[in-house]
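The structure appears right after this line, and notes come after that.
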Amino acid sequence: MIPLVDLKAQYSHLENEILDRVKEVFKSTHFIQGPFVEEFEDQFVKMHAASFGAGVSNGTAAISLALEALGVGRGDEVIVPTHTFFATAEAVCNVGATPVFADILPSTYCLDPEDVLRKISSKTKALIPVHIYGNPVDLNALAEIARGHALYMIEDSAQAHFAKYKGQYIGSFGDAATFSFYPGKNLGAFGDAGFVFCKDEQVFQRVKKLRDHGRSDKYEHDLVGSNQRMDAVQAAVLSVKLRYILEWTKSRQEKAMLYDEAIRRAGFKTIEPTPSSEPVYHLYVVEVSNREEVMVRLKEKGISTGIHYPIPLHKQPAFKGMDQGCFRVAEKVAERVISLPLCPELTVENVNFITAEFLKVARP
Ligand SMILES: *Cc1c(COP(=O)(O)O)cnc(C)c1O
């Protein structure tokens, strides 16, 4: 079976390097935060030329911590795309604020700035654009809306490590940006981990306090925070993988181009990069009208597929009863998208085989 993401192949390439590094953590017994986490924080911030950054426990906590540090909470509304992973909106609820959904653009699958404008109310405090599938949102348009309405902007970058917008890595355009290092993400830990970038130093200091029981000193607590710290083992793994991430990104982009050449020529709709951006293809997504059939037939040929995502957030049972409305694009996309295998380890032969089998059965 060709998996969607081949984590086993990646591990076997890096096994010795990673085990050596993780042994150092064990020997040092600095298991939580400490020097290994600080080293990774430093590397990740420097590579991005970001202002400030903190390692945290996962990508969902990263969003909640950013919101809380910016002062977003009970009574506030936060605009999020309805087409994203559930956590984007869940993190808003976790700080007591209310997610307000907006539609996406049919071309890029990213938040539609026009619909954002329609959803702004006197309670709106922030917006969380998602660089979905690794495709950067139109950051200029959204930053302008945020500025014009005095809203905070948090880039949910969980799927977009080292994607570029106007020649610059995403993550430094918003007031904050959040990352997930869930194992299947483009940069994945060996467990849960996440990251927060902040533009403002005071916001950054609050994130650092909030992730660690609101501490100012070992047993002095300025705030009621929580425990959202990063493990040193995860930081050690991530420091090793960080050496390869740009090479892996290039490989993802090359494979996505190969797919695109044949699949677009056959008349299918795939991810259109946002103008002036360089997507990093967390997923290779294509729209079909006969999804069930395609998934069954590809499975018979040993090809894994996925659906990202089958249910838009406004239709999630957990959000039942909230004032929702019409999300024409997101609803259509949720019915049509299918994800084909894509990871740095996928070979050109794999891509050609998958493309040929896909084109035999799929209909635009
Ligand atoms: C994975 C993901 C998250 C959540 O990250 P976790 O580390 O799993 O908590 C948030 N937003 C998006 C868009 C994601 O893909």
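Name the one entry in Ser57, Ser64, Ser107, Ser51 that is of a type in the set (Ser, Thr, Tyr), surrounded by fewer than 24 Cβ atoms within 10 Å (Cβ to Cβ) and closer than 16 Å to Gln228 by Cβ.
The unique qualifying residue is Ser57.
Please determine whether any residue of the stretch 238-249 is surrounded by fewer than 23 Cβ atoms within 10 Å (Cβ to Cβ) and within 16 Å of the ligand (Cβ to nearest atom).
Yes, because at least one residue in the stretch 238-249 is surrounded by fewer than 23 Cβ atoms within 10 Å (Cβ to Cβ) and within 16 Å of the ligand (Cβ to nearest atom).
Tell me which residues, restricted to the stretch 135-185, are of a type in the set (Gly, Ala, Ser) and under 18 Å from the mean Cα position of the chain (by Cα).
To start, the set of residues in the stretch 135-185 that are of a type in the set (Gly, Ala, Ser) comprises 141, 143, 146, 148, 150, 157-158, 160, 163, 167, 171-172, 174, 176-177, 180, 184.
Listed by number, the residues that qualify are Ser157, Ala158, Ala160, Ala163, Gly171, Ser172, Gly174, Ala176, Ala177, Ser180, Gly184.
Sort out for me the strands (runs of 3 or more DSSP E) sitting completely within the stretch 115-201 that have 1 or more residues that are small (Gly, Ala, Ser) and either in contact with a Cys (Cβ under 8 Å, 6 or more places away or on another chain) or within 12 Å of the ligand (Cβ to nearest atom) (or both).
On the way: elements: 124-127, 152-156, 176-180, 194-198.
Ranges flagged: 176-180, 194-198.
Against the definition (more than 16 Å from the ligand (Cβ to nearest atom) and surrounded by 21 or more Cβ atoms within 10 Å (Cβ to Cβ)), how does Thr270 come out, yes or no?
no
Go through the residues of the stretch 251-262 one by one and say whether even a single one is at pLDDT below 95 and either under 30 Å from Thr108 (Cα atoms) or in a loop (DSSP other than H, G, I, E, B) (or both). Quick ask: steps written out before the conclusion?
First pass over the stretch 251-262, keeping only residues at pLDDT below 95: none.
No, because not a single residue in the stretch 251-262 is at pLDDT below 95 and either under 30 Å from Thr108 (Cα atoms) or in a loop (DSSP other than H, G, I, E, B) (or both).
Residues in the stretch 341-352 that are over 14 Å from Thr305 (Cα atoms), in contact (Cβ under 8 Å) with a residue 12 or more places away in the chain and out of contact with any helix residue (DSSP H, G or I) (no Cβ under 6 Å at 6 or more places or on another chain): how many?
Count: 2.
Considering only the stretch 1-39, how many residues are within 30 Å of Glu300 (Cα to Cα), out of contact with any Phe, Trp or Tyr (no Cβ under 9 Å at 6 or more places or on another chain) and not hydrophobic (A, V, I, L, M, F, W, C)?
Counting residues in the stretch 1-39 that are within 30 Å of Glu300 (Cα to Cα), out of contact with any Phe, Trp or Tyr (no Cβ under 9 Å at 6 or more places or on another chain) and not hydrophobic (A, V, I, L, M, F, W, C) gives 4.
Return the total of residues in the stretch 211-250 being charged (D, E, K, R) and in a loop (DSSP other than H, G, I, E, B).
5
Which is more than 21 Å from the chain's Cα centre (by Cα), β-branched (Val, Ile, Thr) and surrounded by fewer than 21 Cβ atoms within 10 Å (Cβ to Cβ), of Val351, Val329, Val296?
From the options Val351, Val329, Val296, the qualifying one is Val296.
I need every pair where a residue in the stretch 190-214 that is under 15 Å from Val224 (Cβ atoms) has its Cβ under 8 Å from the Cβ of a residue that is among the hydroxyl-bearing types (Ser, Thr, Tyr) and not in a strand (DSSP E or B), sequence separation at least 6 or different chains.
What qualifies is Leu210/Ser226; Arg211/Ser57; Arg211/Ser226; His213/Ser226.
Please go through the stretch 1-38 and give me each residue that is among the aliphatic types (A, V, I, L, M), part of a helix (DSSP H, G or I) and within 21 Å of the chain's Cα centre (by Cα), ordered by number.
Passing the criteria: Leu7, Val37.
The values are calculated or read from the model by the stated rules, or taken from the named source; none is laboratory data. Please read all numbers here as calculations on a predicted model, not as lab measurements. When we count neighbours, we look across all protein chains shown, and the Cβ atoms used for this are built from the backbone with ideal geometry, even at glycine.
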